[in-house]
Each structure stands twice: as structure tokens, then as C-alpha cells.
Amino acid sequence: MNDDIVILQKPRSLDILFKEHLANTIECGQVLSLLFAHLDAPTAYIAKVKQLEEHGDRLTAEAYSALELLTHSEFIHLTEQFVKRLDDIVDGMNNTARLIDICIPHKIEDAAQEILAGLLTMVAILQTEIEQYPENELARVRACRETLKKWEENADVIYHEWRKTQRRINMLPLVDEANWTEILGILEQTTDAAYHASLLLERIARYRLR
């Protein structure tokens, strides 16, 4: 309710909102990691991930309200897309937790832990770069984007190799394989969202140099 009041009165600045959004996403990822470690008692962790995702939604709404105060249409469009990607990351974490709630797996797959660890690294790198917003140096943002691209490609390799192993060795029952294919697919797509956030941050930095 307090968040709603803030939005109605006056949106905070984008730099503050972006920092809070990424801090919230880091916490959400850490809770998801705890969920992976406590599949025997997942309820509290699933609920906490959902709570953090809802907080991310409120921050997203406030950021969109802040954008209404800006005047440059192309810059607004780029920033809207950046906000959406930030929201996609925390949504992906929540969707992962929701699928675990539905599938009720008994054992975590190593591939899931590897992709999540990589995703948290990507978000932490974005968090470091957003500390400079809105005065991001183009060279730094470019380096950030290149680093996140490597992490995104690594997540894709992990997902592909896991699927290849399952099909060739048939280690899991078909139902479990289908469940984990979906869970890992969402995690891999979430790394895509983090990478695309860095692409957009680079485009924003380029725009500011015009």
C-alpha cells in the first residue's frame, strides 16, 4: 500500500528505482537458490520469491510513471524496454519457483544450480554498472554487455548439454525429464533477459552521447 502511495504522489528518480530493482532481484535469486537447497520444504521459499517478484512489479510500475515525466521519445522507448527486461528477470525467477511448486521435484539438477549461479552473477554485474546511471561510460557498458553475453552463452551450453545427456543416456524418468526441461528452459531464457538488459543499457549510453 505504501508503494502505491509513492506512485500516486511522485515517482522516484530512475537511478534510485533501478538500483532498488536490481537489489530486489539479487535477493529473489538468493531465495530461489535456497529453494533449490530445500526442495523437501519449499513452501516458505516459494512464497518469498513471489513476494519479491510482486515488489519488482511495483518498482516497474513506478519506473513507468517516472518515464512519463521525460520528453525525449526515443530515450523513453529505450528506457521502457530496459525496465521491461529488469522485470523479465525477476519474473523468470518467480516462474521457476512456481514450476517447482507444480512439479515437486525430489532432487535438484546440477544444471539448474549452474544456470542460476550464472544468472546471479549477471545481475550482480548489472547492479555494479547501474551504480553509474545515468552517467554510464560507453566503454564500461560495452564491457558489461560483452561479459554478460559470455554468461548467457554459457547458460545456453549448459541447457543444451543437459538435454543431450538426458536424451542419450535417459537418466531421468520421462515426467521428470519434461519437468526439468521446462524449468531449465525458463532459467536459460531469464539469462537472455539479463543480457538484453545490458544491450539496452549500452544503447541508452550511446543515446546520451548524441
**Item:** Listed residues Trp162, Phe36, Leu70: farthest to the positive end of the dipole of the chain (Cβ charges)
**Value:** Leu70
**Request:** At most 16 other Cβ atoms within 10 Å and a DSSP loop assignment: could you name the GluC sites (Glu not before Pro) in segment 111-210 that fit?
**Result:** Glu131, Glu135, Glu137
**segment 143-185 - charge dipole about Cα centre, Lys and Arg +1 at Cβ, Asp and Glu -1, debye rounded to 20** = 160
**Request:** In debye, nearest 20, what is the charge dipole magnitude of the chain about its Cα centre with +1 on Lys and Arg Cβ and -1 on Asp and Glu Cβ, if you could check?
**Result:** 440
**Dipole magnitude of segment 92-161 about its Cα centre (Cβ charges: Lys, Arg +1; Asp, Glu -1), debye to nearest 20** = 80
**Zero-based 5 Å bins, Cα pair distances in the chain, whole percents** = 1, 7, 15, 18, 18, 14, 11, 8, 4, 2, 1, 0
**Asked** Over segment 1-93, one equal point on each Cα, no solvent: what is log10 I(q)/I(0) by the Debye formula at q = 0.11, 0.12 Å⁻¹?
**Response** -0.35, -0.41
**Item:** Under the span-like rule (Cα at least 24 Å along the axis, Kyte-Doolittle mean at least -0.5), DSSP H helices of the chain
**Value:** 14-37, 43-67, 73-103, 110-130, 174-208
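Where a number appears in this text, it was derived from the coordinates with a stated rule and is not lab data. Everything numeric in this text was worked out from a predicted model, so none of it was measured. So basically every Cβ, Gly included, is an ideal-geometry build from the backbone, and we count neighbours across all protein chains shown.
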